[in-house]
1. Roughly what % of DSSP beta bridges within the protein assembly as shown run antiparallel, to the nearest 5?
2. Can you tell me which of B:8-16, B:286-294 comes out highest on packing, and rank the rest after it, using the mean Cβ neighbours within 10 Å?
3. Over chain A, what is the mean sequence separation of C-alpha contacts under 8 Å (at least six apart), divided by residue count, expressed as relative contact order in percent?
4. Considering only DSSP states other than H, G, I, E and B, which GluC sites (Glu not before Pro) in the range B:299-406 qualify as loop sites with at most 13 other Cβ atoms within 10 Å?
5. Label points 7 Å out from Cα along the Cβ direction at B:Glu5 and B:Arg351: separation in nm?
6. Per residue of B:318-324, count partner chain C-beta atoms within 10 Å of its C-beta, then hand back the mean as an integer.
7. With no solvent and one point on each alpha carbon, what is the Debye value of log10 I(q)/I(0) for the range B:356-418 at q = 0.12, 0.21 Å⁻¹?
8. Could you grab the relative contact order for chain B? Cα pairs under 8 Å, six or more apart, rounded to a whole percent.
Amino acid sequence: MTVDTRFAADAAAHRRDAPRFCPQCAGGLAIATEFWEADDRRFYCSCTGCGWTGEITPTGAVAAGHEPDH
Amino acid sequence: MLTAEQNDELTQVDAGTPMGEVLRRYWYPVAFTRELAEFPVKRVELLGEFFALWKSPSGRMGIVPEACPHRKASLAYGVVEADGIRCPYHGWVFDADGRCTEQPAERDNTQFQDRVKAQAGKVEEMGGLIWAYVGPMPAPELPRFDTYVMDGYRDIGWADLPCNYVQIMENAVDPHHVEFLHGRYFEFVGKHEGFVAPASFGKEHVKIGFTAFEWGIIKRRVLKGASEENDDWKVGHPLVFPYNMRVGGGGIHQMQIRVPINRTTTRFMLYTVHSPDGYEHVDQPQIPDYKIPVTDANGVHVTNYVEGQDIMAWVTQGAITDRTTEHLGRSDIGVAMLRKMFREQMDVVARGQDPLGVIREQHERIDLPCEKDKFHAGGAQFALDFCDMGSTRFSPVLDTIKKIHISAADKIAAEKAG
């Protein structure tokens, strides 16, 4: 496999930040595919231990709300 | 984006690897029926291993690892006999179950043939293809998917592609690519080469969705001007785990087959059945197969037809695409779902269970869900676009196929008018 060195920092960030444990059973996650949406990094995760599947989105220190249209 | 370890695991095909063990639970097409009629033994590469595939004059078929257990000469150069294949080097014979039945150079009282077995797989013929199973016994049933057993007029296009099969399978859960690769890009190529690309392929996607089901993943889309009541969403079409995709529309039924020959070579096959409403049976003593172009004389990808565009995208991703530095978006969620499915099935096999889509019950036919009114383009028009703008344009029976669609459409129109 030829590694695309232009994005080595993204690969390193993925390796550092990808969730490792299932939020339901705390077992090791089988796979966490990272995708991006606007400013978010999202991880589509699957636990082969308990079957939990879901997305995990790191938020950092900020808990952002939203305002309805008015 | 995955880790390097996950990408490595996902793309393995060799025996003893988690994914290689999953892949060894399925049947694969390894030859055209006509090939063994022309010459009764063929060297076959499948899942990174070489085999000798043979068919005896009485119709018995077998597949064994290529290297003779005696001194490793190739059984693919063997002599096909009534009940097995004879090694060309010293004449040992192996039957369809892999039993050694003769060791001619050994004295009768010193033979050790019962101690040497060739680890044979299973072989069956279906729909103009020879299918092989080379995994652990007992072998499951060969799935009789609708395309292989339905009435209709057939042809098979194929090409060997220099890339891992997983990136081809990821394309099967990527609806958006149609709008651009077969829409905008097709238009661009057409402008430069002097043809008009089919309008239906460039329709804008409004919504996409994926549903896991017993054979894989159903892919759904709503295109601009349509709704969830249209076939593209209501029915969709399936990725058939782990190496097929069922597509169709306009009276065309197709299985797109992606056989992992080895880790970086995939045999891409387009098994197509033309069976529009109003179809009248046409005899086919032999199903024609034909190679589809990948690159031209200068090594440049041929992209003026639908599958050539797909091939360009798959192959230019690299022999094994670097998933550690890709950048997926929400529109790639089907790709993430497929990776999850692959990963889950590795664990299923590790637990000693059958993975998704392995069938052990005898059956006549498996009907797969597949939209009929594809891209709400109209049946006959979609079929003619498919013939002129897809790989069928290279088929040796193109004219017959077009006549079948036109006469079927005329017949239906006449019935409606009458």
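Values quoted throughout were computed directly from the atomic coordinates according to the rules given, and no laboratory measurement underlies them. Predicted model, so just to flag it, every value in this text is computed and none were measured. Backbone-built Cβ (ideal geometry, glycine too); neighbour counts: all protein chains shown.
1. Working: 81 of 87 bridges.
The antiparallel proportion sits near 95 percent.
2. The packing order, highest mean first, is B:8-16, B:286-294.
3. Numbers: 78 pairs, mean separation 14.4, N = 70.
Reported as a whole number, the value is 21 percent.
4. In loop regions of the range B:299-406 (DSSP not H, G, I, E or B), the sparsely surrounded GluC sites (Glu not before Pro) are B:Glu361, B:Glu364.
5. 2.2 nm
6. 5
7. Relative scattering, expressed as log10 I(q)/I(0), comes to -0.50, -0.92.
8. Values: 841 pairs, mean separation 82.3, N = 418.
Taking the mean separation of contacting Cα pairs over the length of chain B, I get 20 percent.
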